[in-house]
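The structure appears right after this line, and notes come after that.
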Amino acid sequence: MVLARQRVAGKPPVKTNEALGQSEKFLEFQELLARVAPINRPVLLLGERGTGKELAASRLHYLSKRWQGPFIALNCSALNPTLIESELFGYEKGAFTGANQRRSGRFEAADGGTLFLDEIGTIPMEVQEKILRVVEYGQFERVGDSTAIEVDVRIIAATNADLVRMVSHGKFKRDLLDRLSFEVLFLPPLRVRKEDIMLLANHFASRMSYELEREGIPRFSSAAIKAIENYDWPGNVRELKNLVERAVYRSSSAVISEINFDPFLSPYVDDGDYEAEEKREEPARKSPAFDLFSDKTLPEAVNDLQIQLINNALVYAKHNQKIAAKKLGITYHQFRGLYRKLHGSID
């Protein structure tokens, strides 16, 4: 199953954009979204960067009974903390310097629909108190006014922060967290959606090729497919989209074989640039694997040797992992696998 668009009786197709997938984890998450969408309660979306939290919020809205109402999104981290209150609740003329006329806020704009608050963990405590009042009573006041305004808004919040920990540190209101978490949904990262990686990659490649007005559908070489599937995608779908679009744009052929996972790696750096630096580094520590009197088992000694060699290569390459991999005579992806496996023991 590929979820590209979903049509509900009497409604327009759900706007899913990059919400594509056929993996079990993806389909499980979509089922949870569909189950909670008709319930007029807040939902909290938790997930890593690039997993598509706004797409999930949009899908919740268009599958809800509010689908004909507005869907208003606000990235709270993009605003100065002093501006968030006026952005959410609006302000009256003369409320502060520069307030030359009355202005409605996002809550009023979302009346009858859904307000999506992305990165809600960045909202100041005093503003959280006003949001809590809206959730509980459906009322708020504009900045500079004491008149209560009633709204009917469903809140969907999202973050990649640990809100429970923030509560314990006094940085997020416990009452607000309780009210927002009628349902808490975790977006699956791309690394657990293996079956979706090439599906998404081909989708992004075709769309980029169309945008560039190129003939034919681009395809990936077997080596490129292997590299894409073996990568861990820390930036998730957003990173995959950027990588694929860049690969299509740079390719002069319909077959995409060059995959650049690190666009910031300078083409002017080579091994020779590090020879002088290597001499100035502190001497590498002797590996316990070479200690004849060590009581370590063979697996333990091999593990220590791997740690030492990776540490040495990283020092040599000034922590550039691609150059470190070249120094060790392995591929970048092999290096990344070892690095993840031994990360807790690497300097």
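Could you list, in sequence order, the residues of the stretch 231-263 that are assigned to a helix (DSSP H, G or I), exposed (fewer than 14 other Cβ atoms within 10 Å of the Cβ) and touching a residue at least 12 places away in the same chain (Cβ under 8 Å)? Steps first, please.
Step one: of the stretch 231-263, the residues assigned to a helix (DSSP H, G or I) are 236-250.
Applying the additional criterion that residues be exposed (fewer than 14 other Cβ atoms within 10 Å of the Cβ) yields 249-250.
Selection gives TYR249 alone.
With within 26 Å of the chain's Cα centre (by Cα) and either crowded, with 17+ Cβ neighbours inside 10 Å or modelled with pLDDT under 60 (or both) as the only criterion, which of ARG340, ARG336 stands out?
Details: ARG340 fails: either crowded, with 17+ Cβ neighbours inside 10 Å or modelled with pLDDT under 60 (or both).
None of the others qualify; the one that does is ARG336.
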Within the stretch 174-202, the residues that are crowded, with 19+ Cβ neighbours inside 10 Å and more than 23 Å from LEU60 (Cβ to Cβ) are ILE197, ALA201
Taking the options ASN242, ASN202, ASN230, ASN236, name whichever one is under 21 Å from GLN334 (Cα atoms) and either in contact with a Lys or Arg (Cβ under 8 Å, 6 or more places away or on another chain) or at pLDDT 95 or above (or both).
ASN236
Out of VAL192, VAL184, which single residue is over 30 Å from VAL248 (Cα atoms) and either modelled with pLDDT of 95 or more or not hydrophobic (A, V, I, L, M, F, W, C) (or both)?
VAL184
Please state which one of LEU185, LEU163, LEU199 is touching a residue at least 40 places away in the same chain (Cβ under 8 Å), out of contact with any Asp or Glu (no Cβ under 7 Å at 6 or more places or on another chain) and closer than 27 Å to ARG66 by Cα.
LEU185
Out of the stretch 26-71, which residues are under 25 Å from PHE107 (Cβ atoms) and among the aromatic types (Phe, Trp, Tyr)?
TYR62, TRP67, PHE71
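The values are calculated or read from the model by the stated rules, or taken from the named source; none is laboratory data. Treat the numbers as computed from the prediction; the structure is a model and nothing was measured. Glycine also receives a Cβ, built like all others from the backbone with ideal geometry; neighbour counts cover every protein chain displayed.
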